[in-house]
Amino acid sequence: MPPTIPSISLDGVSVVPVANVYFDGKCISHTITLTDGSRKSIGVILPATLTFQTDAPEIMACVAGSCEYKLPNSDVWQVSEAGHSFCIPAKAKFEIRVTAPYHYICHFG
């Protein structure tokens, strides 16, 4: 039986109902906009090793599962598990690899 994940209640949130699908379905997310205008995405990455490109700075917060990630200008893979997050600068590439579904909230800013 899968673990129970608490839900998050967000008043006044606008949700884009069509999913963002990347890397042939290996990464799927939905974009939300908060009342203050800030934008986030909530999604899942399926088992894969992927390279992402950022436009704005991002904070990847792990909700469930885990991943390994490699930041720009680094050869070191680091681990992020539920409750942890990591920051990626704007205009940067980073790698992420997962072996089981990785659920996340991406904070843009």
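When Rg and the Kirkwood Rh are both derived from Cα coordinates, the Rg/Rh ratio for the chain amounts to 0.95. The relative contact order of the chain comes to 29 percent, based on Cα pairs under 8 Å that sit 6 or more residues apart. Remark: the chain carries a charge dipole of roughly 120 debye about the Cα centre, counting +1 on each Lys and Arg Cβ and -1 on each Asp and Glu Cβ. Give a quick list of chymotrypsin sites (Phe, Trp or Tyr not before Pro) in region 25-99 that DSSP marks as loop, anything other than H, G, I, E or B, with at most 14 other Cβ atoms within 10 Å. Filter output for region 25-99: W77. Computed extension gain for V44 through A100, at 0.36 nm per residue and net of the alpha carbon distance, reaches 19.2 nm. Extending 7 Å from Cα along the Cβ direction at T54 and again at S14 yields two label points whose distance is 2.4 nm.
A simple spin-label model places pseudo-atoms 7 Å from Cα toward Cβ; at F108 and V76 they are separated by 3.0 nm. When the chain is treated as a Gaussian network with alpha carbon springs shorter than 10 Å, the biggest mean-square fluctuation among P89, P17, P47 belongs to P17.
Bear in mind that the values in this text are calculations on the coordinates, not laboratory data. All values derive from a computational prediction rather than experimental measurement. Ideal geometry is used to build each Cβ from the backbone, glycine not excepted, and the neighbour counts take in all protein chains shown.
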